[in-house]
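The values are calculated or read from the model by the stated rules, or taken from the named source; none is laboratory data. Quantities reported herein were computed from a predicted structural model and do not represent experimental measurements. Neighbour counts run over all protein chains shown; Cβ positions are idealised from the backbone, glycine included. Just so you know, the surface numbers come from the protein's heavy atoms only, side chains and all, with ligands and any DNA or RNA stripped out. Shrake-Rupley method; radii C 1.70, N 1.55, O 1.52, S 1.80 Å.
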Amino acid sequence: MPENSDKKPIQRILIIVASSAFLATMIFPIAGLFSDSPQPSNNVATIDAQSFQKQLQEQAQGYEAVLKREPDNQIALQGLAETRLQMNDPKGAIAPLEKLVKLDPNNPIGLEGLAKARIRMNDPKGAIAPLEKLTKLYPEQQEIQSVLKQLKEQVAQGSQQTQPKNQK
């Protein structure tokens, strides 16, 4: 019996220590959520953006390597164009998109990409032709028709504004 009474205080101490440790693992992370200390997220965002740009450049180089071996590879043309658009290089995306549309005139991805690139380059006239082709392919797509209408209005307004300058 004396052995049993010696174990009880040790068990109690172990239970208290284990419970305290368990509660501490729950409380400290929760307390961290409510702290007012600023997080170094700005540096992380910059590093992530640089890393993302580097990945995009590597992707573009990979697609270019494929196109050197297979100049008419539509998947590589599409991938290169999309990558360049993500890199905010619409001018660099035009050539692969035009080739893609030349190889497959009804390719909706190529037509849409070409229209997007032209719009991003502030060339609404150049975006009209691929959008018209898309509306013929997909007449039920109201969004395409809406964008096309807006671009045509923009081109009409632009030509009206330049006419008085030419007449003077």
Just the residues that are open to solvent by less than 100 Å² (accessible area, probe 1.4 Å), in a helix (DSSP H, G or I) and modelled with pLDDT of 90 or more, please, taken from region 116-133.
Ala117, Arg118, Ile119, Gly126, Ala127, Ile128, Ala129, Pro130, Leu131, Glu132, Lys133
Result of the Cβ filter at 8 Å on region 95-124, keeping first residues that are on the phi > 0 side of the Ramachandran plot and partners that are of a type in the set (Ser, Thr, Tyr), at least 6 apart or interchain, is none
Among helices (runs of 4 or more DSSP H) lying entirely in region 1-104, which contain 2 or more residues that are within 30 Å of Lys116 (Cα to Cα), open to solvent by less than 50 Å² (accessible area, probe 1.4 Å) and at pLDDT below 95?
41-69, 74-86, 90-103
Has region 57-78 got at least one residue that is among the polar types (S, T, N, Q) and either touching a Phe, Trp or Tyr at 6+ places or on another chain (Cβ under 8 Å) or under 23 Å from Val147 (Cα atoms) (or both)?
yes
